[in-house]
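The structure appears right after this line, and notes come after that.
Since every read-out is calculated from the coordinates, none of them should be taken as a lab result. Computed from a prediction, not measured in an experiment: that's the story for all the values here. Methodologically, a virtual Cβ is constructed for each residue, glycine included, from the backbone with ideal geometry; neighbour enumeration extends over all protein chains shown.
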Amino acid sequence: MSYYEIQGGRPLEGRLEIHGAKNSVLPILAATLLAPGESVIENCPRLSDVSATLDILRLLGCRVEWEGDTVTVDASALRACCVPESLMREMRSSVIFLGALLARVGEAELFYPGGCELGPRPIDLHLAALRTLGAEILEEQGSLCCHRGRKNPGEREICLSIPSVGATENAMLAACGREGTTTIVGAAREPEIVDLQNFLLAMGARVCGAGESVITIEGGAPLHPARYRVMGDRMAAATYLCAAAAAGGQVEIAAVDPNTLTAVLACLSQAGCRLHTGEGFIALEHQGLLTGIPPVRTAPYPGFPTDAQAVLMAALAGGRGSTMFVENMFESRYGHVDELRRMGAEIQIDGRVAVVTGVGRLHGAALRGTDLRGAAALVVAALGAEGASTLTQLRHIRRGYENFAGNLRHLGAEIREFP
Ligand code: EPZ
């Protein structure tokens, strides 16, 4: 079983260029299905979720090449519309293939997706959005048989009761294949949605409004392949910043837009970190213990991102003072808390509320990753702790962080990876 060995207490120093964004490249890769021909996606991170997505594209008949950080997808010979359950279960974003296949071939046979265990992860909003577009969807024991349905050019409006990132992306892709005007009201506003819109525009789609809560798509026009460079991964950037806050030191994270992390940067500043931002970079400096900050409530963008909750908590657990977290996005996203308690963390949980009381410094322990961001949070805590820690279940890390241990070593951390 692969594991990390981490020696805490070493400050982090240096500059790191962040890899491409997992939560942007996955829907963009699915969107390459929308047009026959060869699309080229640059700044594609080496992640297991990306590998799983490329496996789905190959299985559907696409020719796929991956050289360095550039992926080429030729979707000319798309010949299938079925994705086996084993591949669907690899990750949450496999459900985005539903909208892409309906737009390109008019039918799809998929299964309910997998993804981090964060509590119930329904896809009712995805299915309702596609049905508004006219899709006929038969659900049976977790399988989804879908057909585009009768042509109904004209206008239609999709109303999302929750600004679901995935449902917004699915609706955008499916609407590209529907003649007429589709308006998505209550859309998610995440920067990754804007990145997807930019890729669709490069393919010749007529989409506008991404980044706001109303997105409009003029669908039905044939699209063409495109070359596109994916945005930097803001959640990976937040993770490295929290690591430097926990361990102390001075780091610069490049190739990320600081405007996409304003809520996280505000919390780090309140906790005592010195931050400096500019075009495409965030610099953080911190010595000593972090202090408690006002309540952190996760919310849809531009609120505090749920994906940064665990890593910020891990950094604050080894500081001074108390902080209350309220996890509003997922029912059970505190899987990392029991592991942090093994390191001496004082955290009280009551439903969606977690109150962290900083204990000065945590101590090393034998740790187990529970989910993608929770596992990364345990590394953050171990880097700031006294003594040595080990972390198993690295498969969670490999889903969303490219060369995590190598990048941390580059910044001065004492972390070794055993295969
Ligand atoms: C995306 O997941 C991200 N994943 C998640 O990142 C992120 O935490 C989440 O958005 C919120 O920002 C990817 O982009 C691949 P949602 P997604 O639909 O689309 C409920 C990570 O760590 N909901 O915005 O699945 C849902 O249960 C991952 O990188 C429904 O009720 O999230 C949740 O409570 C974890 N019905 C809320 O909406 C639906 O049909 C937000 O979920 C869909 C969602």
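Data table
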item	result
Contour excess over end-to-end distance, with Cα ends at Asn403 and Glu17 and 0.36 nm allotted per residue	137.8 nm
Tensor-based shape of region 176-235 (alpha-carbon gyration tensor, a/c under 1.5 rounded, otherwise prolate or oblate)	oblate
222 nm mean residue ellipticity, helices alone, for the chain (DSSP H n ≥ 4; -39,500 (n - 2.57); rounded to 500)	-9000 deg cm²/dmol
Over the chain: Rg over Rh, Cα atoms, Kirkwood Rh	0.98
Kyte-Doolittle at least 0.5, axis length at least 15 Å by Cα - qualifying DSSP helices, the chain	48-59, 165-176, 191-202, 234-247, 372-384
For region 22-229: relative contact order, % (alpha-carbon pairs under 8 angstrom, 6 or more apart)	20 percent
Value of relative contact order over the chain, rounded to a whole percent, pairs C-alpha under 8 Å and six or more apart	21 percent
Average silhouette area of region 22-229, convex hull of alpha-carbon atoms, in square nanometres	9.8 nm²
Magnitude of the charge dipole, the chain, Cβ model with Lys/Arg +1 and Asp/Glu -1, debye to 20	240 debye
Length released on extending from Ser2 to Val214, taking residue separation times 0.36 nm less the Cα-Cα span	71.9 nm
Dipole of region 22-229, positive end: most advanced residue of Pro153, Cys208, Leu59 [Cβ charges, Cα centre]	Pro153
Met235, Met324, Met203 arranged by Cβ crowding within 10 Å, fewest neighbours leading	Met324, Met203, Met235
Span per principal axis, largest first, for the Cα atoms of region 1-125 (Å)	56, 35, 29
Residues Arg178, Arg46 arranged by fewest to most Cβ contacts within 10 Å	Arg46, Arg178
